[in-house]
Amino acid sequence: MLERSAEEERAKRAGLDGEEHAAQWRRWYDASVTFQAAATAYAKEPGRPGTRWSRP
């Protein structure tokens with residue numbers, strides 16, 4: 001739901017300019033930060049399988 005909320009806020013920026021665009025950008029940014037924080041917290045929950053990242 002948080003990801004969907006962030007995407008909905010992003011879509012609302014279309015066609016806006018000036019102060020309206022800046023205000024909507026901030027709402028999108030805030031929703032995106034909330035989603036990212038929730039996704040990170042979920043991934044760090046105890047017992048969650050780790051993800052291994054490899055570098056070439």
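What to note about this one:
- For the stretch 35-52, a residue qualifies if it is at pLDDT 90 or above and in a loop (DSSP other than H, G, I, E, B), but none of them does.
- With respect to being modelled with pLDDT under 90, within 10 Å of the chain's Cα centre (by Cα) and open to solvent by 60 Å² or more (accessible area, probe 1.4 Å), residue 55 falls outside the description.
- The condition of being polar (S, T, N, Q), open to solvent by less than 60 Å² (accessible area, probe 1.4 Å), modelled with pLDDT under 85 and assigned to a helix (DSSP H, G or I) holds for only one of 5, 32, that being 5.
- Count - residues of the stretch 15-29 that are more than 12 Å from residue 5 (Cβ to Cβ) and in a helix (DSSP H, G or I): 10
The values are calculated or read from the model by the stated rules, or taken from the named source; none is laboratory data. For clarity, every value in this text was computed on a predicted model and none was experimentally measured. Backbone-built Cβ (ideal geometry, glycine too); neighbour counts: all protein chains shown. The accessibility values were calculated without ligands, DNA or RNA, using every heavy atom of the protein model including side chains. Shrake-Rupley method; radii C 1.70, N 1.55, O 1.52, S 1.80 Å.
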